[in-house]
Amino acid sequence: MLSRIADSCYWLARYMERSETNARTLSSQMLHMLEESDQSKMDREWELLFKICTSKEYDEHDSRLNREDMLHDLVLSRENESSLLHLLELAREKAKVSRTLMPASIWEMINRLYLEKKEQLEGSLHSNTIQSDLGDILDMSSNFQGIIESSMLRGDTYNFVKIGKWIERAETTARILKVICEKTLEEENNKDSQDFDYWIQALQLANGYDSFIMEHPLTLDPKEVFSFLIKEERFPRSIKYCVGHILSAVEQLNPGKRSQDKEELLQLLEYTQRGIERTDIAEMSVDKLLRFLNGFQDHCHRINEVFSTTYNLDGYKSRSVGNSQ
């Protein structure tokens, strides 16, 4: 496979996963706005959403923006390189490059939705109509995953797509937990009920609330939430689950060929996996958990770097969250 096409498969999966996360998070926030009357609580929730879903630095200016301005930043803004329309544009570019090795319906679906939403959203963006657009993006993401799983050959193309998906998910879960830890430390002297709200949000943002409640129906202990989102091997957005699937997909790329770079990549993934397994979350303070998450994110950057070098992908740094996409 040409490295240019491998790069496109990998980043297509990452952009699709990121657009799903951001659309789901914004949709949940828009619904919550209809139910929440506490303005200070709403401001805190918008701050969390900004820190998780944008490539911009959140500052006091953002807290004074009205909701329409925030929606513009999250959906349309070119300054936010993780805005939904920009992610759709990037996914469309990668789908076009990789369409010779992908089911034709993937390119057709992404191209059609991008052109449709570009015209609609740039013409008019209002909080009372955005839910329909977010629903269309979520439907596209579900269809993308369904097409990949139901009709794609299990070869290198498939594995590059899966690696992109699992790396993006692992980084997203770590980023959500990191932001929650930072807010918890900032407000550690406030009432317990506010921390409780943050941990509910962590589960909702990671799309794991229902699964967690099934396993822990009577409690919502922060340590149990953390353990679930980091180490629950049955939950497909936990960090442990994602790292395990990255390792499995990398092993299936060019089986039998173990270059020095690939050997370094496998060792790095195995080391990361062992670190997760050895972590005793029940014994860690929030501050120590934050250090663990910072360390894991450093591992993710290194995994991206070695993976890109091993398979001659274009520079990963130019498309990581928080940098130019």
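The values are calculated or read from the model by the stated rules, or taken from the named source; none is laboratory data. The model shown is predicted, which means the values in this text are computed figures rather than measured ones. Methodologically, a virtual Cβ is constructed for each residue, glycine included, from the backbone with ideal geometry; neighbour enumeration extends over all protein chains shown.
Here's a check for you: in segment 73-102, which residue that is among the acidic types (Asp, Glu) and assigned to a helix (DSSP H, G or I) is farthest from Ile130 (Cα to Cα)? Across segment 73-102, the extreme among qualifying residues is Glu93. Of all residues assigned to segment 156-178, none qualifies as being of a type in the set (Asp, Glu), without any contact (Cβ under 8 Å) to a residue 40 or more places away in the chain and over 24 Å from Gln29 (Cα atoms). Being assigned to a loop (DSSP other than H, G, I, E, B), at negative phi and surrounded by fewer than 15 Cβ atoms within 10 Å (Cβ to Cβ) holds for only one residue in Ser127, Ser105, Ser132, Ser142, and it is Ser127. Evaluation of Thr25 against the conditions (1) buried (at least 17 other Cβ atoms within 10 Å of the Cβ); (2) over 21 Å from Phe144 (Cβ atoms); (3) modelled with pLDDT of 75 or more shows that the sole unmet condition is (2).
Output yes when any residue across segment 149-160 is surrounded by 22 or more Cβ atoms within 10 Å (Cβ to Cβ), in a helix (DSSP H, G or I), out of contact with any strand residue (DSSP E or B) (no Cβ under 9 Å at 6 or more places or on another chain) and assigned by TED's automatic domain parsing to the domain that holds Tyr209, and no when none is. Yes, segment 149-160 contains a residue that is surrounded by 22 or more Cβ atoms within 10 Å (Cβ to Cβ), in a helix (DSSP H, G or I), out of contact with any strand residue (DSSP E or B) (no Cβ under 9 Å at 6 or more places or on another chain) and assigned by TED's automatic domain parsing to the domain that holds Tyr209. Here the condition is being within 30 Å of Lys51 (Cα to Cα), at pLDDT below 95 and not in a helix (DSSP H, G or I); of Ser318, Ser308, Ser324, it holds for Ser324 alone. Of the residues making up segment 114-130, those that are without any contact (Cβ under 8 Å) to a residue 40 or more places away in the chain and of a type in the set (Gly, Ala, Ser) are Gly123, Ser124. Residue-level analysis places Lys183 among those that are in contact with an Asp or Glu (Cβ under 9 Å, 6 or more places away or on another chain) and assigned to a helix (DSSP H, G or I).
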